[in-house]
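Everything on this sheet refers to the single structure shown next.
The values are calculated or read from the model by the stated rules, or taken from the named source; none is laboratory data. Keep in mind that this is a model prediction, so the values were computed, not measured. In this analysis, Cβ positions are derived from the backbone assuming ideal geometry, glycine residues included, and neighbour counts consider all displayed protein chains. Side chains are part of the model used for accessible areas, which takes the heavy atoms of the whole protein and leaves out ligands, DNA and RNA. Shrake-Rupley method; radii C 1.70, N 1.55, O 1.52, S 1.80 Å.
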Amino acid sequence: MMAIKWCREKKIPMLAVCLGFQLAVIEYARNVVGLTDAKSGESPEISNNVVVIDMPEHNQGQLGGTMLLGSRSFNFNQECKLKELYGNKDVAKERHRHRYEVNPDYVTRLTKAGMRFVASNDDGTRMEAFDLSGPDHPYFVGVQYHPEYLTRPLTPSPPYLGLLLACLDQLDSYLSFPVDKRKKWRLQTRRDYDESDDSDDDIDEEETVGTSHVSVEIA
């Protein structure tokens, strides 16, 4: 959680997945909402603020079939960078594998303190994603599902693609392209160079004053 806090406060791009999503919510509850004893029900510590609980489907007294598994749809409830990465679709589908979720009793309190839960399940009770990206942070996203299960070399997972582009300071450029033209978008990287340096002769460069641009296709 110290790493999560560091990324949030220092404006470092971060993607929190599954348990990471839950820990990011706990970190926010502790350090922003002020619930210093916020914890997960998965932890044995005693607390009055259990902000992550085991799901109704999970019965600790039984073995087998206790996880939420497989492909599930979820709904975006507001505009955000994560939704833009999914092509501005109102509904998306991803694979799940977890037993715990954000406690619905704390969602309103967390939201009032600035936590933006941008996606939930069909009935709105299970939080699927948060997105604090915006003017104050380049990319701070958490998802309860596992986007890595559906990523492919030529069709990268939207949350992971967003993380990489944000690290390269290219996310806004990518999202500025119409959804149907994004396959033609090119990553523009810049570096200082010495005109006498010919070590990159094998790279196609478009020279500008003091910089060179290398085009890389994102399919």
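Give me a comma-separated list of calculated 3J(HN,Hα) values for the stretch 109-123, in order, Karplus coefficients 6.51, -1.76, 1.60 applied at θ = phi - 60°, integers in Hz, x for any Gly or Pro.
Once rounded to whole Hz, the list reads 5, 5, 5, 4, 8, x, 6, 9, 7, 9, 8, 8, 6, 4, 9.
Starting from the 7 Å offset along Cα-to-Cβ, what nm value, one decimal, do you get for the label separation of S71 and H146?
Placing both labels 7 Å along Cα→Cβ, they lie 1.6 nm apart.
Could you give the accessible area per residue of the stretch 101-162, probe 1.4 Å, as a whole number in Å²?
Details: 2640 Å² over 62 residues.
Accessible surface, normalised per residue, equals 43 Å².
List the residues whose amide H sits under 5 Å from the amide H of A119, counting only those 5 or more places along or on another chain, with H placed 1.01 Å from N in the peptide plane.
Residues meeting the amide H criterion: N77, E128, A129.
Where a Cα-Cα gap under 16 Å defines reach, which lysines qualify for K89, not counting those fewer than 8 residues away within the same chain?
Qualifying lysines at Cα under 16 Å: K81, K181.
What length, rounded to one decimal in nm, is gained on full extension from K112 through to M2, with 0.36 nm per residue of separation minus their alpha-carbon distance?
37.3 nm
Which parts of the stretch 2-40 would a label at M55 reach, counting a residue when its backbone N lies under 17 Å from a point 7 Å out along Cα-to-Cβ?
Taking a point 7 Å out along Cα→Cβ of M55, the residues of the stretch 2-40 whose backbone N falls under 17 Å are 17-23.
Under a 1.4 angstrom probe, counting protein chains only, how are K81, K181 ranked by accessible area, largest first?
Values: K81 35, K181 110 Å².
Correct descending sequence by accessible area is K181, K81.
Ordering W185, W6 from largest to smallest accessible area (1.4 angstrom probe), what's the sequence?
Solvent-accessible surface, decreasing: W6, W185.
What order do M127, M2 take when sorted by accessible area (1.4 Å probe), most exposed first?
Ranking M127, M2 by accessible area, largest first, yields M2, M127.
Relative to the present Cα-Cα distance, how much length would full extension add between N48 and D90 at 0.36 nm per residue of separation?
Gain in length upon complete extension: 11.6 nm.
For a protection proxy built on the mean count of beta-carbon atoms within 10 angstrom, sort 101-107, 112-118, 20-26, 7-13 highest first, please.
20-26, 101-107, 112-118, 7-13
Using the Karplus equation 6.51 cos²θ - 1.76 cosθ + 1.60 (θ = phi - 60°), what ³J(HN,Hα) coupling, rounded to whole Hz, does each residue of the stretch 164-180 give in order, writing x for Gly and Pro?
My calculation for the stretch 164-180 gives 5, 5, 5, 5, 8, 6, 10, 5, 5, 4, 4, 6, 6, 6, x, 3, 6 Hz in order.
Tell me the carbon and sulfur percent of the accessible area for the stretch 9-52, rounded to whole percent, probe radius 1.4 Å.
51
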